[in-house]
Amino acid sequence: MIDRERSVVDKVTLSGALVGGGGLFLPVFIVKEHRLDAGFPVSFAGMSLPLFFLALAFVVAIAIVGVLPGLRRRSRNLPAVLAALCLFALLWAGTGIGGAAELAEYEFERGRVSPSSGFWIVLLAILIIVTHSMKQSTSVWLRGCVPLAFVATLIALFVVGVIDDVAFVREYYTREDRFVRELTAHIGIAAGAVGAAVAVGVPTGILAYRIRSLERPLFAVVNGVQTIPSLALFGLMIAPLALISQRFPILRELGVRGVGNTPALLALFLYALLPIVRNTYTSLAVMDPAVIHAGTGMGMTRRQLMWQVEVPISLPIILAGVRVSMVQTIGNTTVAALIGAGGLGNFVFQGLGQAAPDLIVMGVIPIVILALLADRVFQLISEWAVPGPKRGAV
C-alpha cells in the first residue's frame, strides 16, 4: 500500500521555503547613524549579490525537499534542517558583514545595524521549517540537537565578532556586566519559582487524587490564580509583604520586602502551580487500575507500589507539566521587573521607556532562547522517562 502521507508534497516545508524566499527580497536590515535615527533599509540583493544567490539556493534546496517525497522518506527532512541552519547562519553573518560595510561606506562612527522586516520573515520561515521537520523525525537525539545547533551557531557568530555591528549586540557591549547579572537573576527567579512549585504541586496533586473531597477546593484555588493578570498579581503581593516586613524586622533583614524578588517569586510560584498539580492528578487518575491490582496481587506494599509502579508510570506526565510551567515562568519573569525584581525584563521595559527597540530586542532574544532550550530539555527528559524501549533512540 502506498504511504499517502509521504507521497504528497510537504505543504508546510514548501510554504516555509516560499515565505523565506519572499523575505529575502525585502529589506533585511536598517543602517542607522544613532539609536533614534530612522536609518535607511538595505536588502540582501542590495548588500551583496553572491550572498543573495547563496541564500536563495538554500531556500530552493528546502523547497526541493518539500516537493520530493522520496527524499523526505529516506532522509527524514534532514536536508531541509541543514539548509535552514545554513540560511540561519548566512542571514546573521550577512547582516553583520553587510551592515559593517554600509557603516564604513557612510562613515558612521556610532552607527548601528537593526534587523528589518525581511530578517524577521526569514527567521519565521526557518522556525516553521525546523519545527515541522523535528515533529516528523522519530529520533530523540536529532530533535534535541537541532535547537542546540542553532543556538551554537548564533553564539559562534557572536564570539568571532561577525555580528558586532548589529544594534542589540552594540547594546549588549555597553551593558555587558549588567546583562550577565540580569540573565543570572532571570534564571534564578524562574528556577526558584518552578522548584518551589514542584515541591508543593506534586504532593498537592497526589493529595487531590487520594482525598477526592479536596479535589474541587484545591483546583478552584490554583485555577483561580490563573485568571488574575500577571501584573495585577504582582501588585497584590506588594502591600501584604510590605506589612509583614515592617512587623517582623528579621524577615526584612532576610530580604522579604514589598518589592523586589520576594513578591516576584511568590507570584510566579502561584502561577506555576496549575500545570504541575493538574498533570500530577491526571497522571494518577488515568492509570489503569489493573496495574495497581497486579502489583497488589504480587504482594507489593503501598510504598513499593508508589515507587515501583505509580511513579515510573506518572513521571512523564508530571515532567510535561513541569515543562509547561518552566516555559511559562521564564516568560512571566519578564513582567517581574516592574516591581523591582531582577531579570531581563529590566532591559525590555527600559527600551520601551526610551523608545529603543534595539534594547528591547536585546532583552527579548535571550528570553526566547531560554524558553526554547527549557522546552526542548524537558521534552527530551519526558521522552526518556517513558518506561520501556525508547522510541527513535539512536
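Odds and ends about this structure:
- Matching residues in region 185-218 - criterion: being of a type in the set (S, T, N, Q) and without any contact (Cβ under 8 Å) to a residue 12 or more places away in the chain: 213
- Taking region 181-198 as the range and being over 20 Å from residue 321 (Cα atoms) and among the small types (Gly, Ala, Ser) as the test, only 185 passes.
- Evaluation of residue 62 against the conditions (1) in a helix (DSSP H, G or I); (2) over 18 Å from residue 129 (Cα atoms); (3) in contact (Cβ under 8 Å) with a residue 40 or more places away in the chain shows that the sole unmet condition is (2).
- Single match in 229, 240 (criterion: without any contact (Cβ under 8 Å) to a residue 40 or more places away in the chain, closer than 25 Å to residue 346 by Cα and more than 27 Å from the chain's Cα centre (by Cα)): 240
- Check on residue 376, among the charged types (D, E, K, R), at pLDDT 90 or above, under 22 Å from the mean Cα position of the chain (by Cα) and more than 30 Å from residue 113 (Cα to Cα): no
The values are calculated or read from the model by the stated rules, or taken from the named source; none is laboratory data. Computed from a predicted structure; not experimentally measured. FYI the Cβ positions are ideal-geometry reconstructions off the backbone, even for glycines, and counts take in every protein chain you see.
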